[in-house]
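*Asks:* Got a structure for you, written out below as structure tokens; questions coming shortly.
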Amino acid sequence: MAEAYVSPLWKNIFRLGSPKSSLVNFLATGTVFEGLSSRDRHFLADYLHVRHYDQGESIFEEGDIGSGFYLIRSGHVRLSLEPPDAESVELARLETGDFFGETALSEAAPRLTTAVAMESSELVGLFRSDLQQLAQNRPVLCNKILLSLNQVLSRRIRSMETLHRDSIVPSKSKG
């Protein structure tokens, strides 16, 4: 039996969302890009790269030259230090919406940590070359992205400064 003709109008109404629209929707939900307009997120999606990692698979290793940052779309990622003559030191366990590796957007320097998928994970990457292209094509959007990343980095630095200060300055006990 031949397949029945279905009007393109009905195909569009009942089709599943495209991978790009799914990515755009993800960017709007609790990520560093949530403050962007829908139009900006659609444009940004063309510069992003979706990557899949199996449990235990290395995303990058300490010492690798960084080329971009990753946003966790699903799964969990472990960041650690891997000293050659000592035990691995876990720095963080990251989850959906978290991002890491952002310093690689500004310079091609060695990674300071190792990142490993703790389970099957899907990551969204933005790489330095793509950011540079975005800066040429959509400088206002690039500026919004950099400001958003800067705000998160500023909070991280303040948090680290507080931890460092608290570790070297004895607390005053009441009483």
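The values are calculated or read from the model by the stated rules, or taken from the named source; none is laboratory data. What you see is a predicted model, and the numbers here were worked out from it, not measured in a lab. A quick note on method: Cβ atoms are made from the backbone with ideal geometry, for glycine too, and the neighbour counts reach across all protein chains shown.
*Asks:* Working only within the range 138-167, note down all residues that are among the hydrophobic types (A, V, I, L, M, F, W, C) and either free of Cβ contacts under 8 Å to residues at least 60 places away in the same chain or at positive phi (or both). Walk me through it before giving the result.
*Replies:* Step one: list which residues in the range 138-167 are among the hydrophobic types (A, V, I, L, M, F, W, C), which gives 140-142, 145-147, 149, 152-153, 157, 160, 163.
If the condition is that a residue be among the hydrophobic types (A, V, I, L, M, F, W, C) and either free of Cβ contacts under 8 Å to residues at least 60 places away in the same chain or at positive phi (or both), then Val140, Cys142, Leu146, Leu147, Leu153, Ile157, Met160, Leu163 are the ones that fit.
*Asks:* Among the numbered criteria (1) touching a Leu at 6+ places or on another chain (Cβ under 6 Å); (2) at pLDDT below 95, which one does Val77 miss?
*Replies:* Unmet for Val77, out of (1) touching a Leu at 6+ places or on another chain (Cβ under 6 Å); (2) at pLDDT below 95: (2).
*Asks:* Continuing with the same structure: Given (1) more than 30 Å from Pro139 (Cα to Cα); (2) buried (at least 17 other Cβ atoms within 10 Å of the Cβ), identify the lone condition not met by Pro83.
*Replies:* (2)
*Asks:* Against the conditions (1) surrounded by 10 or more Cβ atoms within 10 Å (Cβ to Cβ); (2) modelled with pLDDT under 55, where does Phe14 fall short? Just the number, please.
*Replies:* Failing condition for Phe14: (1).
*Asks:* Further question on the same structure: Working only within the range 72-88, note down all residues that are out of contact with any Ser or Thr (no Cβ under 7 Å at 6 or more places or on another chain) and part of a loop (DSSP other than H, G, I, E, B).
*Replies:* Matches in the range 72-88: Pro83, Pro84, Asp85, Ala86, Glu87.
*Asks:* As an exercise: evaluate Val89 against (1) under 21 Å from Val32 (Cβ atoms); (2) at pLDDT below 95 and give the number of the one condition it does not meet.
*Replies:* Exception for Val89: condition (1).
*Asks:* Now a separate question. Checking Ser121 against (1) surrounded by 13 or more Cβ atoms within 10 Å (Cβ to Cβ); (2) in contact with a helix residue (DSSP H, G or I) (Cβ under 9 Å, 6 or more places away or on another chain), which test does it fail?
*Replies:* (2)
*Asks:* Also, quick follow-up: Ala135 - would you say it is free of Cβ contacts under 8 Å to residues at least 12 places away in the same chain and surrounded by 14 or more Cβ atoms within 10 Å (Cβ to Cβ)?
*Replies:* yes
*Asks:* In the range 132-146, is there at least one residue being touching a Leu at 6+ places or on another chain (Cβ under 8 Å), β-branched (Val, Ile, Thr) and over 22 Å from His42 (Cα atoms)?
*Replies:* Within the range 132-146 (the criterion being touching a Leu at 6+ places or on another chain (Cβ under 8 Å), β-branched (Val, Ile, Thr) and over 22 Å from His42 (Cα atoms)), the answer is no, since none of the residues qualifies.
*Asks:* Can you pull out every residue in the range 36-70 that is aliphatic (A, V, I, L, M), part of a strand (DSSP E or B) and either surrounded by fewer than 18 Cβ atoms within 10 Å (Cβ to Cβ) or modelled with pLDDT under 95 (or both)?
*Replies:* Of everything in the range 36-70, those that are aliphatic (A, V, I, L, M), part of a strand (DSSP E or B) and either surrounded by fewer than 18 Cβ atoms within 10 Å (Cβ to Cβ) or modelled with pLDDT under 95 (or both) turn out to be Val50, Ile65.
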